[in-house]
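The values are calculated or read from the model by the stated rules, or taken from the named source; none is laboratory data. What you are looking at is a predicted structure, and each value in this text was computed from that prediction instead of being measured. When we count neighbours, we look across all protein chains shown, and the Cβ atoms used for this are built from the backbone with ideal geometry, even at glycine. For accessibility, only protein heavy atoms count, side chains too; no ligands or nucleic acids. Shrake-Rupley method; radii C 1.70, N 1.55, O 1.52, S 1.80 Å.
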Amino acid sequence: MGAATLLEIKHLVVRYDKAVVLNDVSLSVEAGEWVGLVGPNGAGKSTLLRAISGLVAFEARARRGTEGDIVLDGEVRFLGRRIDGLQPHEIRQMGLVHCPERRRPFRELSVIENLMTGAYLSRNSAEDKRRLERCFSLFPQLSERRYQLAGTLSGGEQQMLATARALMFEAMLLAIDEPSLGLAPRIRDELFAAIETIHHEGVSILLVEQEVGRVFALAERNYVLSQGQIIAEGTAQALLADETLRAGYLGL
Ligand SMILES: Nc1ncnc2c1ncn2[C@@H]1O[C@H](COP(=O)(O)OP(=O)(O)OP(=O)(O)O)[C@@H](O)[C@H]1O
Ligand SMILES: [Mg+2]
């Protein structure tokens, strides 16, 4: 592992009961890097992010001894430190922030209150305010609606809010799961522009996204996951040069 390796996953295995969802997955993200993770539906992409952020282990602990045990194996390191086994909030505090798929905001809270639920960690109101204003500058549409109840936002605005909330944490690595799902093209562009801004400020990105073309345009390096295994890794250019991959897995 290089000195600048932020995230290092080795031989990760996740099994739900007898179904093997991740089978010996190894992957890394360097400091400052934007890494894309693509692959067909059901490949295990969301499970991979959930395993990194401690959610699979959390679910495994909750299920232990019940029907359908979850088996989790392998190593996950962040900043050189083992994080498999840590609680989700401990992992987040280290700067690995996960923005899950189809996350919905708290409907009964306003936009601003939703964002502040992501800010309690800093224990510093000036810092919270700074981060809040930063979210609003990245998502002006949310700024205009800061006092509106989240449940009354449009679907796209709710999704934007979910992503904005992740930004309230001080992230070193942002692991984002299909942020553009169900969004109109113009809103997608805005969302990715916001992610690009964050990346330019030095935050590393691990992006899961259905729109392969979009990932390839943004990420510096990519992994292709299929049936729980990494079947290819490289720059967009290298992956696109592989005809089998192109036709079989990338849908291009
Ligand atoms: N908690 C769970 N219990 C049992 N099986 C699960 C659980 N979570 C995921 N799976 C199964 O693991 C497989 C991988 O799911 P996952 O959500 O990781 O795929 P994905 O690559 O994110 O797919 P998509 O592109 O559709 O979001 C699926 O077959 C899914 O049904
Ligand atoms: Mg998924």
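Restricting to region 173-184, name every residue that is within 16 Å of ligand 1 (Cβ to nearest atom) and either open to solvent by 50 Å² or more (accessible area, probe 1.4 Å) or closer than 23 Å to ILE52 by Cα (or both).
Those that are within 16 Å of ligand 1 (Cβ to nearest atom) and either open to solvent by 50 Å² or more (accessible area, probe 1.4 Å) or closer than 23 Å to ILE52 by Cα (or both): ALA175, ILE176, ASP177, GLU178, PRO179, SER180, LEU181, GLY182.
Of all strands (runs of 3 or more DSSP E) completely enclosed by region 2-110, which ones contain at least 3 residues that are away from ligand 1 (no atom under 12 Å from the Cβ) and farther than 30 Å from TYR147 by Cβ?
Of the strands (runs of 3 or more DSSP E) lying wholly inside region 2-110, those with at least 3 residues that are away from ligand 1 (no atom under 12 Å from the Cβ) and farther than 30 Å from TYR147 by Cβ span 5-16, 19-30, 34-38, 70-78.
Scanning region 8-29 for residues that are of a type in the set (Asp, Glu) and in contact with a strand residue (DSSP E or B) (Cβ under 6 Å, 6 or more places away or on another chain), which turns out nearest to GLY85 (Cα to Cα)?
GLU8
Can you work out which of the residues in region 70-129 that are charged (D, E, K, R) and at positive phi is surrounded by the most Cβ atoms within 10 Å (Cβ to Cβ)?
Across region 70-129, the extreme among qualifying residues is ARG102.
Before we move on, is MET168 crowded, with 17+ Cβ neighbours inside 10 Å, modelled with pLDDT of 90 or more and closer than 26 Å to LYS45 by Cβ?
For MET168, the condition - crowded, with 17+ Cβ neighbours inside 10 Å, modelled with pLDDT of 90 or more and closer than 26 Å to LYS45 by Cβ - is not met.
Considering GLY251, GLY202, which residue is at positive phi and over 18 Å from the mean Cα position of the chain (by Cα)?
Exactly one residue qualifies, and that residue is GLY251.
Between a first residue in region 27-48 that is at positive phi and a second residue that is of a type in the set (Val, Ile, Thr) and within 10 Å of ligand 2 (Cβ to nearest atom), which pairs have beta carbons less than 7 Å apart while being 6 or more apart in sequence or on different chains?
Correct list of pairs: empty, since none qualify.
Scan region 71-84 residue by residue and report those that are farther than 15 Å from GLU8 by Cα and out of contact with any Lys or Arg (no Cβ under 6 Å at 6 or more places or on another chain).
Once the filter is applied, which keeps residues that are farther than 15 Å from GLU8 by Cα and out of contact with any Lys or Arg (no Cβ under 6 Å at 6 or more places or on another chain), region 71-84 yields only LEU72.
Which of the residues belonging to region 185-209 are of a type in the set (S, T, N, Q) and either in contact with a Gly (Cβ under 9 Å, 6 or more places away or on another chain) or open to solvent by less than 50 Å² (accessible area, probe 1.4 Å) (or both)?
Matches in region 185-209: SER204 only.
Looking at region 5-40 only, could you name the residues that are of a type in the set (Asp, Glu) and within 16 Å of ligand 2 (Cβ to nearest atom)?
none
Within region 16-66, can you find the residues that are polar (S, T, N, Q), open to solvent by less than 60 Å² (accessible area, probe 1.4 Å) and more than 13 Å from the chain's Cα centre (by Cα)?
Passing the criteria: SER26, SER28.
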